[in-house]
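The structure under discussion appears below in the form of structure tokens.
Please treat every number below as a calculation from the coordinates, not as lab data. Please read all numbers here as calculations on a predicted model, not as lab measurements. Cβ atoms come from the backbone with ideal geometry, glycine included; neighbour counts cover every protein chain shown.
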Amino acid sequence: MIERAAPLAHGEIDVLILQALVRKLVAKGVLSPDDVRAMLFDAATRLDLVGSDLTPEAAHVIVEEDLAPAFLGS
């Protein structure tokens with residue numbers, strides 16, 4: 001039987017690691033900022049914040065105002 005490790009810092013460490021990984025891949029030229037925005041947009045359209053998937057317009061706003069700055073910097 002495999003035990004699951006308790007999440008560190010209430011799961012916040014996962015987000016920090018993911019952000020650092022994305023920034024490193026952008027810095028090395030593996031991903032472009034447009035690649036990152038496209039992945040974030042794809043994920044955001046699947047968010048269920050109000051009982052259904054977000055509209056493309058709402059997902060775009062979330063990407064540009066919240067997600068992209070968190071992953072790419074201001």
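Take the alpha carbon gyration tensor of the stretch 25-74, find the square roots of its eigenvalues, order them as a ≥ b ≥ c, and report rounded if a/c is under 1.5; if not, report prolate when a/b exceeds b/c, else oblate.
On the way: a/c = 3.03, a/b = 2.18, b/c = 1.39.
Prolate.
Rounded to the nearest 0.05, what FRET efficiency do D66 and E12 give with R0 = 22 Å and r taken as the Cβ-Cβ distance? Could you check?
It comes to 0.90.
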